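The structure appears below as structure tokens.
The values are calculated or read from the model by the stated rules, or taken from the named source; none is laboratory data. These numbers were taken from a predicted model, which means no experiment stands behind them. Methodologically, a virtual Cβ is constructed for each residue, glycine included, from the backbone with ideal geometry; neighbour enumeration extends over all protein chains shown. Each accessible area value is taken on the protein alone, full model and side chains, heavy atoms only, with ligands, DNA and RNA left out. Shrake-Rupley method; radii C 1.70, N 1.55, O 1.52, S 1.80 Å.
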Amino acid sequence: MTALQKAESIRARKGERPIAVLTAYDYPTARLLDESGVDVLLVGDSLGMVVLGFPDTTHVTLDHMLHHVAAVARAQPRALVVGDLPIHTYDTPEQALETARRLVAAGAEAVKLEGGLRQAEKIRAITAAGIPVMGHLGMLPQRVLEEGGYRKKGKTPEQTEAIREGAQAIIEAGVFAIVFESIVPETARLLSASLTVPTIGIGCGNNTCDGEVAVITDLLGSYPWFVPPFARPEADLAAITRQAVARYVARVQGS
Ligand code: KIV
């Protein structure tokens, strides 16, 4: 399947089967997630926090993203590989297209960028070049410094209307799906029901969107120093790692 066909098959899942999305930043994780049936592998700029040790995603550069997108793409997954456009790499439509092309050259099959109305022109430039785009609305991590923290969205009718307008604008510009981040559950459900492309929720409550995305370290419990309140871990790799390493150290050092 081509990248466009894969993206279209995700778009066509609206109203059919929920979409399972996980982040991946390296080759073995990409292989394992793909073998386990995930629909989309997102090389998210959460990379900056859970792999590279930065305090937020505003430190992530295009070079970081290219390096990790290439590693994920080497797994040749059946799942669609989506790469995030890092902050300040899509300030104009021309720059957005150039950045998207570089991510595709590294192995991404689609790209994701944050924002609504003000990003429509950039999305149009990328989709016109045949590159599928995923949108991202609600809480936008790349704006965390301007907003002074991570806040829930869609709490008031005005906020809800702004998200709806943004969604409409980016759908018209050609996105095949939209991540909804930290939108209150009633609003996420209401908007999801009225939009024509799938919404992929994180921090929006259960069964409010057309799919879910989770950061892989939250799911596996491998980044124990910060766990978002909405995370639902399915494993405790931090504990397993500490136990295994303690046994190794005891074996090698003798005790
Ligand atoms: O960067 C990322 O991992 C993301 C998800 C949280 C949606 O954008």
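Taken together, the residues in region 97-112 that are buried (at least 24 other Cβ atoms within 10 Å of the Cβ), out of contact with any Gly (no Cβ under 7 Å at 6 or more places or on another chain) and free of Cβ contacts under 8 Å to residues at least 60 places away in the same chain amount to 2.
On the basis of being touching an Asp or Glu at 6+ places or on another chain (Cβ under 8 Å) and either more than 16 Å from the ligand (Cβ to nearest atom) or within 27 Å of T127 (Cα to Cα) (or both), does I163 make the cut? For I163, the condition - touching an Asp or Glu at 6+ places or on another chain (Cβ under 8 Å) and either more than 16 Å from the ligand (Cβ to nearest atom) or within 27 Å of T127 (Cα to Cα) (or both) - is not met. Residues in region 92-114 that are assigned to a loop (DSSP other than H, G, I, E, B) and out of contact with any strand residue (DSSP E or B) (no Cβ under 6 Å at 6 or more places or on another chain): T92, G107, L113. Scanning region 128-137 for residues that are small (G, A, S) and under 20 Å from V40 (Cα atoms), we see that the one that is least open to solvent (accessible area, probe 1.4 Å) is G135.
When you look at P198, is it of a type outside the set (S, T, Y) and within 23 Å of R143 (Cβ to Cβ), yes or no? No.
Which of the numbered conditions does A125 fail, given that it passes all the others? Conditions: (1) in a helix (DSSP H, G or I); (2) within 16 Å of the ligand (Cβ to nearest atom); (3) open to solvent by 10 Å² or more (accessible area, probe 1.4 Å). For A125, the failing item is (2). Looking across region 30-39, not a single residue is within 16 Å of the ligand (Cβ to nearest atom) and open to solvent by 30 Å² or more (accessible area, probe 1.4 Å).
Scanning region 24-54 for residues being more than 15 Å from G107 (Cα to Cα) and among the β-branched types (V, I, T) gives a total of 4. For A238, work out the one condition from (1) closer than 19 Å to Q119 by Cα; (2) open to solvent by less than 20 Å² (accessible area, probe 1.4 Å); (3) away from the ligand (no atom under 12 Å from the Cβ) it doesn't fulfil. Of everything listed in (1) closer than 19 Å to Q119 by Cα; (2) open to solvent by less than 20 Å² (accessible area, probe 1.4 Å); (3) away from the ligand (no atom under 12 Å from the Cβ), A238 misses just condition (1).
Does at least one position in region 196-216 carry a residue that is out of contact with any helix residue (DSSP H, G or I) (no Cβ under 7 Å at 6 or more places or on another chain), acidic (D, E) and either within 16 Å of the ligand (Cβ to nearest atom) or open to solvent by less than 30 Å² (accessible area, probe 1.4 Å) (or both)? So far as region 196-216 goes, yes, one or more of its residues are out of contact with any helix residue (DSSP H, G or I) (no Cβ under 7 Å at 6 or more places or on another chain), acidic (D, E) and either within 16 Å of the ligand (Cβ to nearest atom) or open to solvent by less than 30 Å² (accessible area, probe 1.4 Å) (or both). Residues of region 71-99 that are under 30 Å from T160 (Cβ atoms), in contact with a helix residue (DSSP H, G or I) (Cβ under 7 Å, 6 or more places away or on another chain), within 16 Å of the ligand (Cβ to nearest atom) and not acidic (D, E): L80, G83, L85, P86, I87, T89, Y90.
Selection within region 166-195: residues that are in a helix (DSSP H, G or I) and polar (S, T, N, Q). The member of this set that is nearest to the ligand (Cβ to nearest atom) is S192.
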